[in-house]
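Everything below concerns the one structure shown next.
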Amino acid sequence: MKQNATSNAAYTVDCEDYVHVVEFNPFESGDSGNLIAYGGNNYVVVGMCTFQEEDADTDGIQYKTLRTFQHGVRVDGIAWSPETRLDSLPPVIRFCTSAADMKIRLFTSDLQDKNEYKVIEGHSDFINGLVFEPKEGQEIASVSDDHTCRVWNLEGMQTAHFVLHSPGMSVCWHPEETFKLMVAEKNGTIRFYDVLAQQAILSLESEQMPLMSAHWCLKNTFKVGAVAGNDWLIWDITRSRWSSINENLFATTGYPGKMSSQFQIHHLGHPQPILTGSVAVGSGLSWHRTLPLCVIGGDHKLLFWVTEM
């Protein structure tokens, strides 16, 4: 847990295993610290981190592991529930994962005696994205190589099903209008669905293929960004990951799992990246909820980058 100039990361946290995916909790959890979860080959670690950028008494980064959850299979994706609260009695930790066995696991813990998970089955191929409904957290949406987007309740029952024309790569829920779902397909199509009516209401098309990921800018939901081919594409629907605090900031990484992957932070007001780093075997990318800071997983490490607003 130190500043590490050689890796270009501002801070690093050592981990016991390769990190396949890492996610900051994007919701207010009732605590001054920041919840973070990362997944390895057969477990998920939930921890708390505080940065000197938000707390003058912190020297660099302060990190603490809260609980390790056995998973039994490689973790491919993590999504946080808005029901996670550290200021409730007892506290509630809730998140779901996608895994190499094509199943979703819903974890619920009070960080003491209650540690349970439910397996949700239905996809017939690899799951490329999953997300909780952001208001009440009572539904989960997932997309898969099986050419479907599916919506599940917390009992594991399927409540909606959309047939896609190619593998589903990313799924995002509108932060306010929770009947709206954005689904990005590998063939370059991004569709917006009305979950209640179970029909498409708008679509965007990319000339470049394959589309590998897309992200809704949650600060300005008229903006959509996607990585397709060798390009980062941006749509403004009035005319890969956005920062959660600045609608002009977004970050991209190279293909996950390469021996060396380039990482860049971009600002729409600048033609060149405002920060470029190199990550050894980088995977996963997540923005901090309130700081211009993002994290990438790597070989036995979490790597944190800080940029200027």
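Computed from the coordinates by the stated procedures, all read-outs in this text should not be read as laboratory data. Everything numeric in this text was worked out from a predicted model, so none of it was measured. Every residue, glycine among them, receives a Cβ derived from its backbone with ideal geometry; neighbour counts consider all protein chains shown.
For residue 187 and residue 157, FRET efficiency with R0 = 41 Å and r from the beta-carbon atoms, rounded to 0.05? List each step's numbers first, then the result.
On the way: r = 29 Å, r/R0 = 0.71.
Approximately 0.90, to the nearest 0.05.
Using a basic spin-label model with each label point 7 Å from the Cα along Cα→Cβ, how many nm lie between residue 125 and residue 205?
Going from the residue 125 label point to the residue 205 one covers 2.2 nm.
Among 168, 109, 189, whose Cα lies farthest out toward the positive end of the dipole of segment 93-195, if unit charges sit on the beta carbon of Lys, Arg (+1) and Asp, Glu (-1)?
Towards the positive end, the residue furthest out is 189.
How big is the gap, in Å, between the Cα center of segment 15-47 and the Cα center of segment 138-200?
Comparing the Cα centres of segment 15-47 and segment 138-200, I get a distance of 24 Å.
Considering the alpha-carbon set of segment 54-121 alone, what are its Rg and its Dmax in angstrom?
14.4, 46
Tell me, in nm to one decimal, what length is gained between residue 179 and residue 101 on full extension, where the rule is 0.36 nm per residue of separation less the Cα-Cα distance?
Working it through step by step, the gained length comes to 25.2 nm.
Simple spin-label model, 7 Å along Cα-to-Cβ: residue 41 to residue 17 in nm?
0.8 nm
Sketch the reach of a paramagnetic label on residue 198 as a point 7 Å from Cα along Cα-to-Cβ, and name the residues of segment 158-181 whose backbone nitrogen lies under 13 Å away.
Hits in segment 158-181 for residue 198 at 13 Å: 158-163.
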